[in-house]
Amino acid sequence: MNTLVIETPEQHKYWRILQLRAALRLECAGMKHSSGRSVCPIVKQEFKLKGSKQSVLDQLCKHIENIKASNYQTL
């Protein structure tokens, strides 16, 4: 069993971004979020992105890659 411990505020922020990406992927596949509100506008507003759902997903994935790259450089 794999266990992940999230302790710092930065880890909480990163985890939320990963959750948003997963929800946006499901929206791109045609599913709806359980709250009834689309995740795409939330991501667009929070990260100041523009475009279609797929475009926003691609931009968010690049943002996540940038976060991972910056964290690995400090190790």
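No lab work stands behind these numbers, since they all come straight from the coordinates. Not measured: the values here are computed from a predicted model.
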### Query
Which lysines have a Cα lying under 24 Å from the Cα of K32, excluding residues fewer than 8 positions away in the same chain?
K13, K44, K48, K50, K53, K62
### Message
If each DSSP helix of 4+ residues adds -39,500 (n - 2.57) and the sum is divided by the residues in the chain, what number results at 222 nm, nearest 500 deg cm²/dmol?
### Response
-22500 deg cm²/dmol
#### Entry: Three-way shape call for region 1-44 based on the alpha-carbon gyration tensor, with the a/c threshold at 1.5
prolate
#### Entry: Label selected from [x] 128; [y] 150; [z] 80, the criterion being volume of the Cα convex hull per residue in Å³ as computed here
[x]
